[in-house]
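*Asks:* I have a structure here, written as structure tokens, and I will follow up with some questions on it.
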Amino acid sequence: SNPGLLQFTCSLCVKYFIDPVTLGCRHSFCMPCLCLYWEEGQQPPRCPVCKGTPHQLSLKTNIILKTRVFLARRTGPYDVPRSAEKMCELHGKTKNLFCKVTKEVLCLVCHMSAEHGAHTHCSVEWTAEEYRQSLLMIMRSVWEKIQENKRNLNRETNKIRTWEKNHTEYWKMFYLAYYGEKHRLEKIEEESREIFQQLKESQYNMDLKQKLLKQIYEELKELCYKPDMELIQVRTESVQLHMPRPVVPQLSAWPIPGLIDWLNQFQVTHCVPVFEDLRCLLAVPDGPGVNYSSPRYKYFLAWGAESFTSGRCYWEVDVAGCCNWAIGFCNDSWTRDSDMVLDSEGVFLLLCIRENNQCSVFTASPLSPQYVKRPLGRVGVFLDFDSGVLSFVNVANSSLICSFLSCSFSSPLKPFMCSGHS
């Protein structure tokens, strides 16, 4: 091989660069080759040659190198030997022009004939380069879909793990321990199995889609490497990029007759607005309080002066009209922590977080998604300190939202709430 051509070839595919990118270490690769190498390799991504870690992972086409590669294709024998050039049988001249109307390769004399004289023509080299750029545009779109599907697949897998771990345990504990609603558990179990099956099917479909998308990407990449004369005669079919939609699991709200009346016997404070017995703090940007998802929000924080070390207690808060809030119990040390990290010990919260015009329900700590419908009115908080159980209920329909089970409340707990308003 010609050593001079090495500066125009990718060390991963050992072919002329297509869409070349150059890392900070000055090593260059085809962008598709590097993307696939990083996708299948270990993290963090490293240079395939020197194993150095790139300072930035956003890849941009090296325009100068791309231009040099284009010129090298025209002059070098690397891609197409001269003997492979097509000759016109009628005129004995090289076919180096492409008719965009009839899609034929012509010689100079043919393209001036009466049949082709009024048609648009372009050199084979330029036509092939246009095809490559068109293929690369499709590949970028396919790669975005690969990454989108990968994120969805990871989320679906996490949903399945969460579902397997605790999808009905808190229901069983609450129903059996506090209300004896055994007859509802069969319906809850049946619904949970159906949702779990939907998640497994969704995961399977996304896994198949991921393999199909990668196959399409690899095939398009190989087309880009074809010699000019072969490339311009390839007809690519439209790429179907319809993506499997993630399952949004949601357990039904099962009303429990008499639940609120039973809980009210443990009530220690009246329904908010305003915790008269709570200390309050308005958290604004550049001030104390919590971490902010957006500077547009102001957060109202409140926690009780009274701590609980035993027994049962119940209180309610109205979250109507609020999309960002946190309700529950916390220990003294967390309220004194300026960071108020949700993964800290001694934090037992139900959170509603708005993101991308969608409100999702979580519990902390640890931060875990809860697949229930967001409450729109009053939320009840029931603490059984001695049994290590904390439950949240939707007061409007007298149903359970979720529970913390088998907790070890090792320190006094205070009622806590945080609401965000734009």
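*Asks:* Quick one: how many residues across the range 310-349 are among the charged types (D, E, K, R) and farther than 21 Å from VAL379 by Cβ?
*Replies:* Of the residues in that region, 6 qualify.
*Asks:* Looking for something among the basic types (Lys, Arg) and either touching a His at 6+ places or on another chain (Cβ under 8 Å) or part of a loop (DSSP other than H, G, I, E, B) (or both) - is there at least one such residue anywhere in the range 347-365?
*Replies:* no
*Asks:* Looking at the range 122-157 only, could you name the residues that are buried (at least 19 other Cβ atoms within 10 Å of the Cβ) and at pLDDT below 85?
*Replies:* VAL124
*Asks:* Looking for whichever is part of a helix (DSSP H, G or I) and either at pLDDT 90 or above or in contact with a Cys (Cβ under 8 Å, 6 or more places away or on another chain) (or both) here; the options are PRO32, PRO48. Which one fits?
*Replies:* That would be PRO32, the only listed residue that is part of a helix (DSSP H, G or I) and either at pLDDT 90 or above or in contact with a Cys (Cβ under 8 Å, 6 or more places away or on another chain) (or both).
*Asks:* Now for a separate question. Among residues belonging to the range 296-312 that are of a type outside the set (A, V, I, L, M) and surrounded by 20 or more Cβ atoms within 10 Å (Cβ to Cβ), point out the one that is modelled with the lowest pLDDT. Break it down into steps so the answer makes sense when it comes.
*Replies:* Our first condition is that a residue be of a type outside the set (A, V, I, L, M); within the range 296-312, this holds for 296-300, 303-304, 306-312.
Adding the requirement that they be surrounded by 20 or more Cβ atoms within 10 Å (Cβ to Cβ) leaves 299, 303-304.
Working: TYR299: 65, TRP303: 77, GLY304: 76.
Top of the filtered list is TYR299.
*Asks:* May I ask you to say which residue of ASN324, ASN394 is more than 22 Å from TRP254 (Cα to Cα), in contact (Cβ under 8 Å) with a residue 40 or more places away in the chain and surrounded by 15 or more Cβ atoms within 10 Å (Cβ to Cβ)?
*Replies:* ASN324
*Asks:* I need the full set of residues from the range 327-346 which are in contact (Cβ under 8 Å) with a residue 40 or more places away in the chain and either part of a strand (DSSP E or B) or touching a Pro at 6+ places or on another chain (Cβ under 7 Å) (or both), in order please.
*Replies:* ILE327, GLY328, PHE329, CYS330, ASN331, ASP332, SER338
*Asks:* In addition: For the range 344-358, enumerate the residues that are farther than 17 Å from MET417 by Cβ and either assigned by TED's automatic domain parsing to the domain that holds THR162 or under 21 Å from the mean Cα position of the chain (by Cα) (or both).
*Replies:* GLU355, ASN356, ASN357, GLN358
*Asks:* Right, something else. Residues of the range 29-45 being within 20 Å of LEU213 (Cβ to Cβ) and among the aromatic types (Phe, Trp, Tyr), which ones?
*Replies:* Residues satisfying the conditions are TYR37, TRP38.
*Asks:* Could you tell me whether the range 367-385 includes any residue that is of a type in the set (A, V, I, L, M), modelled with pLDDT under 85, within 21 Å of CYS322 (Cβ to Cβ) and assigned by TED's automatic domain parsing to the domain that holds PHE308?
*Replies:* Checked the range 367-385: at least one residue is of a type in the set (A, V, I, L, M), modelled with pLDDT under 85, within 21 Å of CYS322 (Cβ to Cβ) and assigned by TED's automatic domain parsing to the domain that holds PHE308.
*Asks:* Being touching a residue at least 60 places away in the same chain (Cβ under 8 Å) and more than 25 Å from the chain's Cα centre (by Cα) is the requirement here; does GLY388 meet it?
*Replies:* When the stated conditions are applied, GLY388 does not pass them.
*Asks:* Step by step: first the residues of the range 328-343, then only those that are in contact with a Ser or Thr (Cβ under 9 Å, 6 or more places away or on another chain) and within 23 Å of LEU400 (Cα to Cα), then the one that is modelled with the lowest pLDDT. Which residue is that?
*Replies:* Top of the filtered list is LEU342.
The values are calculated or read from the model by the stated rules, or taken from the named source; none is laboratory data. Values in this document were obtained by computation on a predicted structure and should not be read as measured data. With ideal geometry, Cβ positions are generated from the backbone for all residues, glycine too; neighbour counts draw on all protein chains shown.
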